[in-house]
Amino acid sequence: MNFKKIIQETYQEVKSIDDNGKVASYIPELACINSEKFGIHISSINNDNFGIGDYKDQFSIQSIAKVLALSLAYHIVGEKIWERLGVEPSGTAFNSLVQLEANKGIPRNPFVNAGAIVISDILISNLKNPKEDFLAFVRSISNNSELNYSAEVAASEKKTGFLNIALCNFIKSFGNIKNDPSDVLDFYFDLCSLEMNCKELSEVFLFLANNGNSTIDNNSILTNSESKRINSLMLTCGFYDESGEFAFKVGLPGKSGVGGGIIAVLPDQYAIAVWSPKLNEKGNSFKGMKFLEEFTTKSDLSIF
């Protein structure tokens, strides 16, 4: 498969369309970025890599980091993790409070904000130095010691994250947060501020295209079963209440972030990262969604 040719053609087509999206201005620091940026990078398990556009520019990966947090928590506590989290699509906005009362503090899945806050609580309970240890995990699976949090983005989220504060305290009232909510939220906001470029992001996610194994040294990061389950959750829950449409049009496990990034994985083949900061009304990258739909259509490759 000539991915380079397909990516080049699709990039030029999507770059020229009118972008009706808007940047995530409710996080003030994200409103400061150049909204015209557009980059793509693909990394394959056979080391066939290619990037185009602004693929070397770093951005805040935001909710994409939730997949990495889930991976580490799943590795540490195993199947017990599902006692505190559901695995169903939410059908509501990523920061919704609606379902938590009916479900007695159990978030619908790990990728809505409530679910990622519970994951943050699990990591705090199991890591000696949560922020440092999580960052070390991400650096180790990417073999990149330069990856880091953005202090500016984290501070911006902490100033405006009132709904996340409400979510954490509401879950705490049901006993599904074990640590001090302020500590959990402090870790959660840093987690979401993690910065990467498209090349780095596609490289980090290669283990989910490789049955949970590192493509660097073939060490097991997750079991084959755990990797399969995380890919399944990305397919059904990775794009909030647009997850069904992404599965329908793109047909790959993936995860979006309000920084404009999207990661998508084709098991046994590749991970592809797309970044375009303007978001559609569902909170997903407008051009990123268009690009991946056209890319899988032209390549005729998906999990289906």
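The values are calculated or read from the model by the stated rules, or taken from the named source; none is laboratory data. Given the structure is predicted, the values throughout are model-derived calculations rather than measurements. With ideal geometry, Cβ positions are generated from the backbone for all residues, glycine too; neighbour counts draw on all protein chains shown.
Key figures for this structure:
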| item | result |
| --- | --- |
| Residue match in the range 264-281 (condition: over 17 Å from Val87 (Cβ atoms), at pLDDT below 95 and of a type in the set (Gly, Ala, Ser)) | no |
| Among (1) at pLDDT 95 or above; (2) over 14 Å from the mean Cα position of the chain (by Cα), the one test that Thr236 misses | (2) |
| Selection from the range 128-165 of residues that are among the acidic types (Asp, Glu) and more than 25 Å from Tyr26 (Cβ to Cβ) | Glu132, Asp133, Glu146 |
| Filter result for the condition that a residue is more than 18 Å from Ser44 (Cβ to Cβ), of a type in the set (A, V, I, L, M, F, W, C) and without any contact (Cβ under 8 Å) to a residue 24 or more places away in the chain, over Phe239, Phe248, Phe304 | Phe248 |
| Residues located in the range 93-126, provided they are touching a residue at least 60 places away in the same chain (Cβ under 8 Å), over 21 Å from Lys158 (Cβ atoms) and among the polar types (S, T, N, Q) | Asn109 |
| So Ile165, is it modelled with pLDDT of 95 or more and among the β-branched types (Val, Ile, Thr) | yes |
| Matching residues in the range 214-241 - criterion: being within 12 Å of Phe111 (Cβ to Cβ) and in contact with a helix residue (DSSP H, G or I) (Cβ under 9 Å, 6 or more places away or on another chain) | Ile230, Leu233, Met234, Leu235, Thr236, Cys237, Gly238, Phe239, Tyr240 |
| Options Leu201, Leu191; residue that is at pLDDT 95 or above, within 27 Å of Asn46 (Cα to Cα) and outside any loop (DSSP other than H, G, I, E, B) | Leu201 |
| Unique match (being surrounded by fewer than 23 Cβ atoms within 10 Å (Cβ to Cβ) and either hydrophobic (A, V, I, L, M, F, W, C) or farther than 13 Å from Ala114 by Cα (or both)) among Ser44, Ser60, Ser71 | Ser44 |
| Helices (runs of 4 or more DSSP H) enclosed by the range 75-161 - at least 1 residues per element that are buried (at least 22 other Cβ atoms within 10 Å of the Cβ) | 113-126, 130-142, 151-160 |
| Residue match in the range 30-53 (condition: modelled with pLDDT under 95, closer than 30 Å to Phe187 by Cα, of a type outside the set (S, T, N, Q) and under 17 Å from the mean Cα position of the chain (by Cα)) | yes |
